[in-house]
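Beneath this line is the structure, given in structure tokens, with notes to follow.
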Amino acid sequence: MTEAASTPTKRRHPGKGRRRARSTPKGRQIDHAALETVQALLGDRPRDRDLLIEHLHLIQDAHHCLSAPHLVALAHEMRLPLSEVYEVASFYAHFDIVKEDDPALPALTIRVCDSLSCALAGGQKLRSDLIAKYGGDVRVLPAPCMGRCEAAPAAEVGHRHVGPATIEAVDAVVQSGDTSPKPIDYKGLEAYHAGGGYALLKACLAGEKSADDVIAVMEESSLRGLGGAGFPTGRKWGLVRAEAKPRYMAVNADEGEPGTFKDRTYLEQDPHRFLEGMLVAAWAVEAERIYIYLRDEYPHIREILQAELTKLKSDGLASHTDIIMRRGAGAYICGEESAMIESIEGKRGLPRHRPPYVAQVGLFDRPTLVNNVETLFWVRDIIEKGAAWFSSEGRNGGVGMRSFSVSGRVRDPGVKFAPAGITVRELIDEYCGGMADGHEFKGYLPGGASGGILPASKGDLPLEFGKLEEFGCFVGSHAVVILSNHDNMRDVALNLMRFFEDESCGQCTPCRVGTEKAVKLMEQPNWDTGLLEELGNAMADASICGLGQAAANPVFSVLRHFPEDVT
């Protein structure tokens, strides 16, 4: 037999092998009603890629959720893959994605803070009571820190915050039907002008001051970045100015560190002092654009800034740069500067590897100056009053003044403007009216969730950069949470680790898996201390950013300083 004859004949089924024409295009089909809705919401706004999160907010605000047809329509309208739109929407906690077979969401959502200060004040019981009261008629969710720790426990009804929140106070808002942000009194543009506001900026724009001289004053003042990292401000301005144009600026107004609320306080009281500092910084580094990244938990401040920026632009005081507002969507990780930049660009807030640093390759791959709100808030005073006005202050080796966000077991919590290097005992006694009634000082968080926990026996250490590291702690954003004899440090550390587990961006395995594993180990009746230490060291050594690197600090602190609470 020949080879051809030995090969069996293949029979074809009728129609097999022929490609039938598709009746519809590949992928999810566009719902034309949803497309018309999305087009109407977007109006004549640009469809640029970096506006994806802003456009998701438009849909969420209008419909209280993001439905699959709306996501498909938005992807079509912005000419983006649906997978890209979905992965961004699903990354942020404040976007509620509803699938086709999901039940309809209640019209009203109440969020109750479950971070440490609110947990100490009974936040978990409040949430349970609200669930029992409203049943399925209202959605009641836990939420990470809302930046209202001085009024714990905090709750948010729609977009209206309540604090200290009680069942009665929350229900009063629900019954009123007004869940929009509560208006507050603040110093507007006219009042700020009356106090000499913007004289400094005008002098800069008129050439009466040089950028080099202004940067020199900032360096001499020893002002450091007050968002947590503590990098010298004047030096940062000089580094960015030395890079090639065009240069940009990003303002970090995403204070999500549990226990931190100083930026919110200053923006509520005197927003133009911050805005003038921002505009002077942009002038000094010749930034063509400024992006203000504001956390979504501050809707009332967004309204304030939008109104005041309109006035500011009308006065011609921002003619040297463009100011663009960006709205966060509920992601603690976006307080990290490179993750914030990713979010401003409309992406998931995943931290970038370094180098390059954002001062060299930042927003849209351009050199970018990143400052937080409080850092910029002091620019006017430092330049007008001189570097010595700031640098001459301080205690115990600290330099300058600091805004401490103090919460927890003290009689008078709040933002305390005190000398850098002050001790926590001095802070409690001189600025907070002492401990709350019935509470004895046991320990404290010197720098929010990431900064570790110190015992009362270490209460005479200076609260300043570089002073606490030998004890496994740091001051960070100067969020000080006071703990008492009523608090078990094991429970405190578990609360903080659950926060890190929930807020991990998931990009790197040590943080994503490590925080989850740590929570499971810490929930056990008896801690496996050896395994927890090994796990914590792995997270600290191998995580991409500060979240994973610092997540185990509370665990290490409890094992080191409070062993009696572990057993």
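The values are calculated or read from the model by the stated rules, or taken from the named source; none is laboratory data. Fair warning: this is a prediction, and the values are worked out from it, not measured in the lab. FYI the Cβ positions are ideal-geometry reconstructions off the backbone, even for glycines, and counts take in every protein chain you see. Surface accessibility is based on the protein's heavy atoms, side chains included, excluding ligands, DNA and RNA. Shrake-Rupley method; radii C 1.70, N 1.55, O 1.52, S 1.80 Å.
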Of the residues LEU275, LEU312, which single one is surrounded by 24 or more Cβ atoms within 10 Å (Cβ to Cβ), farther than 11 Å from ASN371 by Cα and out of contact with any Phe, Trp or Tyr (no Cβ under 8 Å at 6 or more places or on another chain)? LEU275
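So which residues in region 212-223 are in a helix (DSSP H, G or I) and open to solvent by less than 10 Å² (accessible area, probe 1.4 Å)?
At the first step, the residues of region 212-223 found to be in a helix (DSSP H, G or I) are 212-221.
Correct list: VAL214, MET218, SER221.
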Number of positions in region 384-423 that are within 27 Å of the chain's Cα centre (by Cα), over 18 Å from GLY466 (Cα atoms) and hydroxyl-bearing (Ser, Thr, Tyr): 2
Going through (1) of a type outside the set (S, T, N, Q); (2) open to solvent by 30 Å² or more (accessible area, probe 1.4 Å); (3) under 15 Å from PHE471 (Cβ atoms); (4) over 26 Å from the mean Cα position of the chain (by Cα) one by one, GLU523 fails only at (3)
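Scan region 315-341 for residues that are in a loop (DSSP other than H, G, I, E, B), open to solvent by less than 40 Å² (accessible area, probe 1.4 Å) and over 14 Å from VAL370 (Cα atoms) and jot them down. Walk me through it before giving the result.
Looking only at region 315-341, we keep the residues that are in a loop (DSSP other than H, G, I, E, B), and these are 315-321, 328-331, 336.
Applying the additional criterion that residues be open to solvent by less than 40 Å² (accessible area, probe 1.4 Å) yields 316-318, 321, 328-331, 336.
Answer for region 315-341, where residues must be in a loop (DSSP other than H, G, I, E, B), open to solvent by less than 40 Å² (accessible area, probe 1.4 Å) and over 14 Å from VAL370 (Cα atoms): GLY316, LEU317, ALA318, THR321, GLY328, ALA329, GLY330, ALA331.
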Return the only residue of LEU239, LEU226, LEU267 being open to solvent by 20 Å² or more (accessible area, probe 1.4 Å), at negative phi and either touching a residue at least 12 places away in the same chain (Cβ under 8 Å) or assigned to a loop (DSSP other than H, G, I, E, B) (or both). LEU239
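Given the residues ASP460, ASP412, which is the only one that is assigned to a loop (DSSP other than H, G, I, E, B) and closer than 26 Å to ASP254 by Cα? Quick ask: steps written out before the conclusion?
Numbers: ASP460 fails: closer than 26 Å to ASP254 by Cα.
Step by step, each of ASP460, ASP412 is checked, and only ASP412 is assigned to a loop (DSSP other than H, G, I, E, B) and closer than 26 Å to ASP254 by Cα.
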All but one of (1) open to solvent by less than 10 Å² (accessible area, probe 1.4 Å); (2) assigned to a strand (DSSP E or B) hold for ILE382; state the number of the condition that does not hold. (2)
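Is there a residue in region 15-29 that is at pLDDT 95 or above, within 25 Å of LYS347 (Cβ to Cβ) and surrounded by 12 or more Cβ atoms within 10 Å (Cβ to Cβ)? I'd like the intermediate steps shown before the answer.
At the first step, the residues of region 15-29 found to be at pLDDT 95 or above are none.
No, that holds for no residue.
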Being in contact (Cβ under 8 Å) with a residue 12 or more places away in the chain, more than 25 Å from SER403 (Cα to Cα) and assigned to a helix (DSSP H, G or I) is the requirement here; does LYS311 meet it? yes
If you check GLU426, GLU374, which single one turns out to be over 27 Å from the mean Cα position of the chain (by Cα) and either open to solvent by 10 Å² or more (accessible area, probe 1.4 Å) or of a type in the set (Asp, Glu) (or both)? GLU426
Applying the selection to region 158-209, what residues are within 26 Å of GLY414 (Cβ to Cβ), open to solvent by less than 30 Å² (accessible area, probe 1.4 Å) and of a type outside the set (A, V, I, L, M)? GLY158, PRO181, GLY188, TYR192, GLY197
